[in-house]
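Trainee: Have a look at this one.
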Amino acid sequence: LRDNRIQLERSTPNELTISISDVVLSDEGEYTCSIFTMPVRTAKALVTVLGIPQKPQIFGHEQPIDEEKIARLTCRSSGSKPAAQLRWKKGNKELKDEGTEVVEDPNGKTFTVSSRVEFRVTKEDNEAEVTCTVDHESLQNSERSTTQKLQVHYKPTAKIEPHPQYPREGEKLRLQCDGQGNPIPQEFLWEKEGSDVPLQLSSDSVLIFPFLNKSDSGTYVCTATSSMGSVVAKYNLDVSGLSGRRVPVGSLTEEGVTGSAGRVGAKPGSSPCASARWYASPVPSTSSTYHAVIGGVVAVIVFLLLSLLIVLGHYLIRHKGTYLTHEAKGSDDAPDADTAIINAEGGQAGSDDKKEYFI
């Protein structure tokens, strides 16, 4: 035997056995066995060599894909004989391919198989695993597959979180503009509604109030911006000795989402694409409870004083005083007015002084 890979395993008058190690594609062909007897006996065997497919490769995932765009992925495997089969999965869901292409390799014996899939991506597809698996009879019960994670760019979301959650006058307050998205927002614009001057524009998402006072009351707007657009979140701050409690209206704290790349001037009051806001409603604090109790006591005292003044005035009106003087003395027995006057004057002359009595 000229090839060292071919060894004679068994030789008897009735049987001749050889073995071939490190089989290659060129070993495929027709083998003839001859036993030189009288007459010579000959037998032929056709040997087929399977080409084991290489591990598949996925193309088209190298760059992030914007949400709502079409992802086009290609899976390719070479070296199979006969041509292998390719199948796709996204997570645990099977994907139907858009077509398979089989091309003969330069050696003229094996094949390269390519398969394509297309699907629309959403933000939920970010970090989703896409798997391409090659099926071939040479792999028996095993399989060869490749998995890649998708990178999906999507519009940002934002919400404002106060720290502490229920701020009060005189305290330090931090407003955290929590921006999420892919890519994550890198620019945060803080404004106060009604003011023409921005409060802060930087990569810092935190707005700090060292010492809260009533003049800080108002609606604060955070505009978070990424390459996928801008989003607006609002927080209503009421500094009046009462703490603020956020009451959600809708499912998000964002409005005015824009889809163009770069800095987008999404301003409060613009038509929102996704509308949801956080408003503040007052919740009585401990100090406000004390004020309410004191106000109630004062009101009761004022009511009692007014009632007492009303009763006393009524009593004085009913007991009005009369004036008794000696000028009218003797008028009761006078037959007429002239006599009464004369008697009164006489009475006045005989008196040392005139006394008045007030009741």
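The values are calculated or read from the model by the stated rules, or taken from the named source; none is laboratory data. Just so it is clear, the model here is predicted, and its values are computed rather than measured. Positions of Cβ are generated from backbone atoms using ideal geometry, with glycine treated the same way; all protein chains shown enter the neighbour counts. Calculation scope for accessible area: heavy atoms of the full protein, side chains included, ligands and nucleic acids excluded. Shrake-Rupley method; radii C 1.70, N 1.55, O 1.52, S 1.80 Å.
Trainee: Residues LEU86, LEU50: which one is in contact (Cβ under 8 Å) with a residue 40 or more places away in the chain, in contact with an Asp or Glu (Cβ under 9 Å, 6 or more places away or on another chain), of a type in the set (A, V, I, L, M) and closer than 19 Å to THR131 by Cβ?
Mentor: None of the other options fit; the residue is LEU86.
Trainee: Let me ask another. Do you know which residues across the stretch 218-241 are within 26 Å of GLY170 (Cβ to Cβ) and either within 25 Å of the chain's Cα centre (by Cα) or open to solvent by less than 10 Å² (accessible area, probe 1.4 Å) (or both)?
Mentor: If the condition is that a residue be within 26 Å of GLY170 (Cβ to Cβ) and either within 25 Å of the chain's Cα centre (by Cα) or open to solvent by less than 10 Å² (accessible area, probe 1.4 Å) (or both), then GLY218, THR219, TYR220, VAL221, CYS222, ALA233, LYS234, TYR235, ASN236, LEU237, ASP238, VAL239 are the ones that fit.
Trainee: Continuing with this model, one more query. Give me the strands (runs of 3 or more DSSP E) completely within the stretch 162-249, filtered to those with at least 3 residues that are at pLDDT 90 or above and closer than 30 Å to LYS69 by Cα, ordered by residue number.
Mentor: Here the list reads 173-182, 187-192, 218-226, 229-237.
Trainee: Exactly one condition in (1) closer than 25 Å to VAL23 by Cβ; (2) in contact (Cβ under 8 Å) with a residue 60 or more places away in the chain is not met by THR157; state its number.
Mentor: It is condition (1) that THR157 fails.
Trainee: Quick check: is even one residue across the stretch 198-215 touching a residue at least 60 places away in the same chain (Cβ under 8 Å) and within 24 Å of the chain's Cα centre (by Cα)?
Mentor: No, the conditions are met nowhere in the stretch 198-215.
Trainee: Moving on to the next point. Mind listing whichever residues of the stretch 141-150 are in a loop (DSSP other than H, G, I, E, B) and in contact with a strand residue (DSSP E or B) (Cβ under 7 Å, 6 or more places away or on another chain)?
Mentor: GLU143, LEU150
Trainee: Further question on the same structure: Quick check, is ILE70 open to solvent by 50 Å² or more (accessible area, probe 1.4 Å), touching a residue at least 40 places away in the same chain (Cβ under 8 Å) and hydrophobic (A, V, I, L, M, F, W, C)?
Mentor: So ILE70 fits the description; yes.
Trainee: Go through the stretch 110-132 residue by residue and tally those that are part of a strand (DSSP E or B) and within 24 Å of LEU25 (Cβ to Cβ).
Mentor: Result for the stretch 110-132: 5.
Trainee: Go through the stretch 79-109 and report how many residues are open to solvent by less than 20 Å² (accessible area, probe 1.4 Å) and outside any strand (DSSP E or B).
Mentor: Number of matching residues: 1.
Trainee: Provide a single number: the residues in the stretch 32-58 that are open to solvent by less than 70 Å² (accessible area, probe 1.4 Å) and either of a type in the set (S, T, N, Q) or part of a strand (DSSP E or B) (or both).
Mentor: Number of matching residues: 9.
Trainee: With respect to SER138, determine if the residue is outside any strand (DSSP E or B), in contact (Cβ under 8 Å) with a residue 40 or more places away in the chain and open to solvent by less than 80 Å² (accessible area, probe 1.4 Å).
Mentor: So SER138 passes the test.
Trainee: Next question. Which one is surrounded by the most Cβ atoms within 10 Å (Cβ to Cβ), of the residues in the stretch 288-330 that are modelled with pLDDT under 80 and of a type in the set (S, T, N, Q)?
Mentor: Applying the filter and picking the extreme gives SER288.
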